[in-house]
Amino acid sequence: MKFVGLLLLSLFASLAFATDNYGYNPTGSSAQVETQGTDAISITVVNSFITGQQALGLDIYSNGPSDYILAVCHDNMHVEIYELDGSSAGYFNLSLTNLGSFGIALNDTPDSEVYVNDWNNSNLFKSEDFGSSWTTLTNPAGNLGRGMDFDGTDYWQSDNDGNSIWRFQPNAGAEEITAPGVSGLLSGLTTFPYGSNLGIALTSYNVHNIYFFEWNGTSLTNIGSTPCPGTDIYYSLGLTYNAVTGNMHWSYVDNSWAYSIVEFSFDITSLERSSWGSIKSSF
């Protein structure tokens, strides 16, 4: 079923601000803020827009000449769809039992499988028709999974407890990998080409850095970090890489509960990026 056939042309009304913490339970009364980065990473803001509703997880869908940002909004039980400039391109429905939805991973090679996790239960929700129907599988991260991505072979998921990430095949195999040097509780995750290996970028709810790693197929190495590019950040919520533009998109909510998505380019000193097709990994 073609994704474009499901895009709704009409705009929909914004809902009230969130009534939950997206599975994050801070020990203090406010989020922590850390802005210390490393010299190896630099980023430049390309565009930003206010969404008007929750923007969790994030992923990119490329359809011919157009790219779309997918953002989970469990307030209205949708995956919201945005043009890169922030224009609404509609939505598709989440499962009615996916009440703690957060991360989203799209595998469009070749079956257009969409996976969404849940911080209320240990399910992965799978759809092969962009939300018309859903089935459930067991999530290797249980209810601690947050940001997700698909690297062309494997799925990845950040873990909200203990600064680790998961590499897995749904219902087939999984491994938990420590992410060294990360502060805070993890939220967003994306993968990207990095030399002949795989790059992985992470964010946390409450420490406002973007952390970059290299995965060589057997070990995860911390490359460096850079402050998140937003202002008045309360929670950092989602991260995704666009293989067409080479940029990333990051979502956050500010202290007034306004949700934004920021597009930025990034540069990692002294190392070259490879084509997306060269990234391979296996269990």
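The values are calculated or read from the model by the stated rules, or taken from the named source; none is laboratory data. What you see is a predicted model, and the numbers here were worked out from it, not measured in a lab. Using ideal geometry, Cβ is built from the backbone for each residue, glycine included, and neighbour counts are taken over all protein chains shown. For the accessible areas, the whole protein counts, side chains as well, though only heavy atoms, and no ligand, DNA or RNA atoms are used. Shrake-Rupley method; radii C 1.70, N 1.55, O 1.52, S 1.80 Å.
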> Looking at GLY277, is it open to solvent by 10 Å² or more (accessible area, probe 1.4 Å) and either closer than 20 Å to CYS73 by Cβ or modelled with pLDDT under 95 (or both)?
Replying inline: yes
>> Criterion first (in contact with a Phe, Trp or Tyr (Cβ under 6 Å, 6 or more places away or on another chain), open to solvent by less than 40 Å² (accessible area, probe 1.4 Å) and either closer than 28 Å to SER225 by Cα or at pLDDT below 95 (or both)) does GLY173 satisfy it?
In response: yes
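So, in segment 185-195, how many residues would count as being closer than 16 Å to LEU239 by Cα and not in a strand (DSSP E or B)? If you could, list the steps in order and put the result at the bottom.
So the first thing to find is which residues in segment 185-195 are closer than 16 Å to LEU239 by Cα, and the list is 185-193.
Restricting the remaining residues to those that are not in a strand (DSSP E or B) gives 185.
Final tally of qualifying residues: 1.
Report the residue count in segment 203-224 for those that are in a strand (DSSP E or B), of a type outside the set (A, V, I, L, M, F, W, C) and open to solvent by 10 Å² or more (accessible area, probe 1.4 Å).
The initial filter retains those residues of segment 203-224 that are in a strand (DSSP E or B), namely 203-204, 209-215, 220-224.
Imposing the further condition that a residue be of a type outside the set (A, V, I, L, M, F, W, C) reduces the set to 203-204, 209, 211, 214, 221-222, 224.
Cutting the leftovers down to open to solvent by 10 Å² or more (accessible area, probe 1.4 Å) gives us 214, 221-222.
Residues that pass the stated criteria total 3.
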>> Out of the residues in segment 68-83 meeting the condition of being of a type in the set (D, E, K, R) and within 22 Å of SER236 (Cβ to Cβ), tell me which one is most open to solvent (accessible area, probe 1.4 Å).
In response: ASP75
> Limited to segment 145-168, what total is found for residues that are open to solvent by 10 Å² or more (accessible area, probe 1.4 Å) and either assigned to a loop (DSSP other than H, G, I, E, B) or at pLDDT below 95 (or both)?
Replying inline: 6
> Among the residues of segment 169-184, is there at least one that is farther than 30 Å from LEU99 by Cβ, within 18 Å of the chain's Cα centre (by Cα) and in a loop (DSSP other than H, G, I, E, B)?
Replying inline: no
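Among the candidates GLY86, GLY57, single out the residue that is of a type in the set (Gly, Ala, Ser), open to solvent by less than 30 Å² (accessible area, probe 1.4 Å), out of contact with any Ser or Thr (no Cβ under 6 Å at 6 or more places or on another chain) and not in a strand (DSSP E or B). Talk me through it step by step, then tell me what you get.
Numbers: GLY57 fails: not in a strand (DSSP E or B).
Result: GLY86 is the single residue among GLY86, GLY57 that is of a type in the set (Gly, Ala, Ser), open to solvent by less than 30 Å² (accessible area, probe 1.4 Å), out of contact with any Ser or Thr (no Cβ under 6 Å at 6 or more places or on another chain) and not in a strand (DSSP E or B).
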> Counting only residues that are under 18 Å from the mean Cα position of the chain (by Cα) and in a loop (DSSP other than H, G, I, E, B), which one in segment 14-51 is modelled with the lowest pLDDT?
Replying inline: ASN21
> Taking segment 100-144, which residues are open to solvent by less than 50 Å² (accessible area, probe 1.4 Å), out of contact with any Pro (no Cβ under 9 Å at 6 or more places or on another chain), hydroxyl-bearing (Ser, Thr, Tyr) and assigned to a strand (DSSP E or B)?
Replying inline: SER101, SER127
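Scan segment 62-83 residue by residue and report those that are modelled with pLDDT of 95 or more and not small (Gly, Ala, Ser). Quick ask: steps written out before the conclusion?
Our first condition is that a residue be modelled with pLDDT of 95 or more; within segment 62-83, this holds for 68-73, 77-83.
Those that are modelled with pLDDT of 95 or more and not small (Gly, Ala, Ser): TYR68, ILE69, LEU70, VAL72, CYS73, MET77, HIS78, VAL79, GLU80, ILE81, TYR82, GLU83.
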> Yes or no: ASN209 touching a Cys at 6+ places or on another chain (Cβ under 8 Å) and either within 30 Å of SER127 (Cα to Cα) or not small (Gly, Ala, Ser) (or both)?
Replying inline: yes
>> Based on this model, can you work out whether ASN107 counts as in contact with a helix residue (DSSP H, G or I) (Cβ under 7 Å, 6 or more places away or on another chain) and more than 19 Å from GLU175 (Cα to Cα)?
In response: no
